[in-house]
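Data block below; observations after.
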Amino acid sequence: MKEIMKKVTALLCVGTMSAVMLAGCGSSAQPAATAEPAAEEPAAEEAAEEPAEEEAAEEEAEPAEEEAAEEASTDEGSTPRNETLYFAGQQWGTINDWNPMSPNSNNAMGQTQKDTARTLIWETLFMYNSMDGKLYGLLGKEYSWNDDMTVLTVKMNPDAHWSDGEPVTADDVAYTYDTHVKYESSTGADYSTYIDSITAKDAETVEIAAKLDGGKAVNPLKVTAYLCNIYVMPKAYLEKVEERNGEDPDKVKQDTMEDLVASGPYLPYMNNDQKVVFIRDDNYWGQAASMWGKLPVPKYIAHTIYKDNAAGQVALQQGEVDVCQQFITDVQKLWLDEDLPISTWYDEAPYGMTATMPSMFFNCEKPGLDQAAVRKAIAMAVDYEQIIASAMSGQSQTFDELPRCIAGPAESDRAYVDIDSLKDLQWKNKDVEGAKALLDEAGITDEDGDGIREYKGENLSFKAECPTGWTDWNASMEIVAAAGKDIGIDISTYFPEANSFYDDMTTCNFDICMWSAPGAGPMSPYSKAMFYFSEEYAKLASNWSGNFGHYMNDDAEKILQQIPLETDEAKLKEYYTELSKIWLEEVPSVALMYRPEQFYSVNESVWTNYPAADSGNNIPPLVCTDGYGIAALYELELAE
Amino acid sequence: MKGYKKYYGQKLFWYLLTLIFAVILNFVLPRLMPGDPVSAIAARAVGGMTDSTAIQKVINDYVEKFGINKPMYQQFFMWLGNVLKGDFGVSFSQYPRPVSDIINSAVWWTVALQLPAIIVGWLLGNILGAIAAYIRGVFDKAILPFFLFVSNIPAFGMATILLFVFSIKLGIAPASGGYGYDLIPNVSWTFVKSVIGHYQLPFWSIVLITIGGQAIGMRSMSIYELNADYVKYSRFLGIKDSKIVGYVFRNAMLPQITGLALSLGTMIGGALVAEIIFSYPGLGTTLLTAVTGQDYPLLSACTLIITIMVLIANLVVELLYGVIDPRVKANQQD
């Protein structure tokens, strides 16, 4: 009897154990539903102990959360689903500052100064639109060069004002630039080679004087690029930052600027290790008729900090993310197989608007690879269609659909190249026989019968290198290696840690490596031409900019110097076509696939009316935040 | 008391020695990784720049700032000096955020997750082991083997399975984070509920794999003790069964306490990985970011914190052991 009792007790014990387990899992169903504006304790009581055990203690350990708790008194402690646009794939790791002068900002979501700058918080003078290659007014209304292209004049939008209500003036623009130069921020260091000075002619007129070389501007393209690249900051606020840091350059550049005064439609709301949230500034100047005429639709912009792509993708599928800037393999399966309300720029392959070209560079200083025939033979033998099908899961045009040229895939850039005249220089996909013939003709053959061709008595043996874990790139390099085998060149793959790879690439210590060309911008296709050819880049001790294989061609270099000063479209077309010819004949590098500037897939379960190829409103798929792509925020609608 | 002094003295000495080696390895090992971490930071800083001298200037600036151009022993003593002052330096990957700030925001999540999980797993495991030994039947034939099977699934595997089943397929548990994606930390029931909800999967993924290993040990020890002479003798004497069982399990527990210390030690290997799968904001995820970003200061600090936590946990258990097990004292007095 006793025995049975004991067994029963034990059984009960285990029963409770499993029940607790199940109950535990069950209770987690609630948080996903969320947003219950339920009974809220006043935030002032934040010091009070919470009823929950350990978890309560942890919360208070995070400094960022204390601020959040204070602010939460105005809100319900959540960012309601139907007032918030959730992002993924933009911000990795915790935000560390809001300072556009900081060289170490890890705040991609809040501030990214590039050709298509992210203007959620800080704003640039103009916005670049990759749809038509034009600049659209933001803080600036219009701009014009003088006849000699030495001075660029910008008219400011008189409606623009800062978040503290003060007007945005020409003085602010001038002072921002002067501060960049004074404290040698990377912006200041970079642009001072091309810009002599920025001065305020009057409150609404800015004059940007280009640096001159022999009476001509060094590079007018770079000066124009300033307009859409660099944020404008308020003079009064900058003075405050300078003062509190005693004008010490390091301290000024590292000031976190948490108390920022900016002009954009959103302001920082809260951030911690798990997320960052911006809140709409309902006094935003852009609701003036001269700008957008209204406020952006979402009240909050939020980005959960996911640990990897997989986590972000799961969140997109579960509807916790609206706009996802991540590469998703076989993205079409999300709506075809899983029936989710997810869409991309195009309904069909390549799904995204391609703008850049991940390319492979040959080390032109390496015996064997210094021979154009070897480089071209490798390029000819590669199965690009397999790269596009496997590594990109079809999310790129093939090179038959969009023949190679130096300008890349964007239509506005391709207008600068006479594609038809390049026809004879293109090679067909995986042309193994042609490649072999080319090598035989050049006298690079296999003399010792080991199956590998020799150049000057040495076997042609190379390593194709890219960072480990970049799976699509790794796959591409494998396909390149296979191509080498087909034509009697020994190519093995080598995938080191990213940082080792960076060392190799930037110091030309590789045989074959891979990197991506710059996307579309006000300087394209010039920026791509520089990326593939610039001798100046090649001469850098640590070269992050392009021409990693140190290909030296004086003809190309001469053209590169002439392009920025040329305004005649026909002449420009001639230049870019000539560069494309050199590129295809000499093959110092070769594009392996096309790729979008930003990956873009949206879940339309909460928000809808996102830009798409067929929406016809000229808004580019730059994830609703970048360049002219931010216009999308004003067009969004709730799904129900 | 004399015996204890010797016992404790010896333990402390060995732990101190371990700590010294751990500190040195913590510093040296990450720095032996190939590649230059400053490259990555500099890459971010010079992105989009086109002027060559300006780019070079920025890069030199960083090398200087992080002192990685100095010989390693100099770096070590500088680092050690700062650590003793509680200053772990500045993170490379989240520069200029101080490492201590990052650790401080992560470590509590980890402690709150791991300690309860390991202790609950240990308790459940011991209960199961004891029941399996004493009652046998279905416990010994089905439940224990099942948990034994489960315990051999690596932590990340378990985490992935739970994530797939409960979050992606059934949709009853959140997939990632420490609280709801749409919440802002605040003092409210909604928030606390969300935190508890997000706690479940990481918690159970650790508990489930801890149970089996503990149970099997407890079962063997219990069976051994149940057949010991003193048990038979007690039975002859007619001592109540419940009383005997009390003796048995007290004795069988002893090696299990070592087991607890060991499982605290393996925290890093297994359980921290579970955090990564669930994007849980603890040390595991911080450690991963530090590794991928070659963030030496953060990496050293993370591993140092973990080492110290494990050493302290082990030390406490060993010291307790001296009190619990009279044989230890007896040994020392010989």
Looking at A:A410, A:A435 in this structure, which one is crowded, with 16+ Cβ neighbours inside 10 Å, in contact with a helix residue (DSSP H, G or I) (Cβ under 7 Å, 6 or more places away or on another chain) and in the same structural domain as A:M523 (by TED's automatic domain parsing)? A:A435
Residue list for region A:459-503, filter: of a type outside the set (A, V, I, L, M, F, W, C), touching a Gly at 6+ places or on another chain (Cβ under 9 Å) and within 14 Å of another protein chain (Cβ to nearest Cβ): A:P496, A:E497, A:N499, A:S500, A:Y502, A:D503
Could you say which residue among B:G238, B:G284, B:G259 is among the small types (G, A, S) and within 14 Å of chain A (Cβ to nearest Cβ)? B:G284
Is it the case, given these coordinates, that A:I301 is part of a helix (DSSP H, G or I) and buried (at least 24 other Cβ atoms within 10 Å of the Cβ)? no
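Yes/no matrix, rows are residues, columns are (1) among the hydroxyl-bearing types (S, T, Y); (2) within 13 Å of chain A (Cβ to nearest Cβ); (3) closer than 30 Å to A:Y306 by Cα:
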{"site": "B:R136", "(1), (2), (3)": "no, yes, no"}
{"site": "B:V150", "(1), (2), (3)": "no, yes, yes"}
{"site": "B:S167", "(1), (2), (3)": "yes, yes, yes"}
{"site": "B:V195", "(1), (2), (3)": "no, yes, yes"}
{"site": "B:I209", "(1), (2), (3)": "no, no, yes"}
{"site": "B:G213", "(1), (2), (3)": "no, no, no"}
{"site": "B:Y224", "(1), (2), (3)": "yes, no, no"}
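Which of the residues belonging to region A:78-89 are assigned to a loop (DSSP other than H, G, I, E, B) and either without any contact (Cβ under 8 Å) to a residue 24 or more places away in the chain or surrounded by fewer than 24 Cβ atoms within 10 Å (Cβ to Cβ) (or both)?
We begin by selecting, within region A:78-89, every residue assigned to a loop (DSSP other than H, G, I, E, B); these are A:79-80, A:89.
Once the filter is applied, which keeps residues that are assigned to a loop (DSSP other than H, G, I, E, B) and either without any contact (Cβ under 8 Å) to a residue 24 or more places away in the chain or surrounded by fewer than 24 Cβ atoms within 10 Å (Cβ to Cβ) (or both), region A:78-89 yields only A:P80.
To keep it simple, each residue is scored yes or no on (1) assigned by TED's automatic domain parsing to the domain that holds A:G627; (2) crowded, with 24+ Cβ neighbours inside 10 Å; (3) at pLDDT 90 or above; (4) within 22 Å of A:P298 (Cα to Cα).
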residue: A:N99; (1), (2), (3), (4): no, no, yes, no
residue: A:N106; (1), (2), (3), (4): no, no, no, no
residue: A:M109; (1), (2), (3), (4): no, yes, yes, yes
residue: A:G140; (1), (2), (3), (4): no, yes, yes, no
residue: A:A170; (1), (2), (3), (4): no, no, yes, no
Among the residues of region A:545-555, is any assigned to a helix (DSSP H, G or I) and under 24 Å from A:S390 (Cβ atoms)? no
Kindly establish whether A:S343 is touching a residue at least 12 places away in the same chain (Cβ under 8 Å), touching a Leu at 6+ places or on another chain (Cβ under 8 Å), in a strand (DSSP E or B) and polar (S, T, N, Q). no
Taking B:L304 and the conditions (1) closer than 30 Å to B:I153 by Cβ; (2) at pLDDT below 85; (3) of a type in the set (A, V, I, L, M); (4) in a helix (DSSP H, G or I), which numbered condition does it fall short on, given that it satisfies the others? (2)
Picking from A:V374, A:V331, which residue would you name as being of a type in the set (A, V, I, L, M), crowded, with 23+ Cβ neighbours inside 10 Å and closer than 30 Å to A:M552 by Cβ? A:V374
Could you run through region A:186-208 and say how many residues are touching a Pro at 6+ places or on another chain (Cβ under 7 Å) and of a type outside the set (D, E, K, R)? 1
Give the residues of region A:85-97 that are more than 18 Å from the chain's Cα centre (by Cα) and more than 10 Å from chain B (Cβ to nearest Cβ), sorted by residue number. A:L85
Which condition number in (1) without any contact (Cβ under 8 Å) to a residue 40 or more places away in the chain; (2) surrounded by 24 or more Cβ atoms within 10 Å (Cβ to Cβ) is the one that B:R327 fails? (2)
Considering region A:557-598 alone, what residues qualify as being within 30 Å of A:Q326 (Cα to Cα) and β-branched (V, I, T)? A:V590
Among (1) farther than 22 Å from B:T286 by Cβ; (2) over 17 Å from the mean Cα position of the chain (by Cα), A:A310 falls short only on (1)
Where the second residue is among the basic types (K, R) and the first is under 14 Å from A:S534 (Cβ atoms) and lies in region A:555-575, which pairs have Cβ atoms under 8 Å and are six or more apart or on separate chains? A:P564/A:K222
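Per-residue answers, yes or no, for (1) assigned by TED's automatic domain parsing to the domain that holds A:S390; (2) surrounded by 23 or more Cβ atoms within 10 Å (Cβ to Cβ):
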residue: A:N547; (1), (2): yes, yes
residue: A:K558; (1), (2): yes, no
residue: A:Q562; (1), (2): yes, no
residue: A:D568; (1), (2): yes, no
residue: A:E574; (1), (2): yes, no
residue: A:K581; (1), (2): yes, no
residue: A:P588; (1), (2): yes, yes
residue: A:A591; (1), (2): yes, yes
residue: A:E604; (1), (2): no, no
Looking for something surrounded by fewer than 16 Cβ atoms within 10 Å (Cβ to Cβ) and on the phi > 0 side of the Ramachandran plot - is there at least one such residue anywhere in region A:439-450? yes
Select from region A:234-289 the residues that are within 14 Å of chain B (Cβ to nearest Cβ), surrounded by 15 or more Cβ atoms within 10 Å (Cβ to Cβ) and part of a loop (DSSP other than H, G, I, E, B) and write down the one among them that is farthest from the chain's Cα centre (by Cα). A:N245
Residues in region B:172-189: is at least one part of a helix (DSSP H, G or I), assigned by TED's automatic domain parsing to the domain that holds B:M158 and surrounded by fewer than 24 Cβ atoms within 10 Å (Cβ to Cβ)? yes
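The values are calculated or read from the model by the stated rules, or taken from the named source; none is laboratory data. Note that this is a predicted model, so its numbers are computed, not measured. Because the Cβ atoms are built from the backbone with ideal geometry, glycine has one as well, and the counts that use them run over all protein chains shown.
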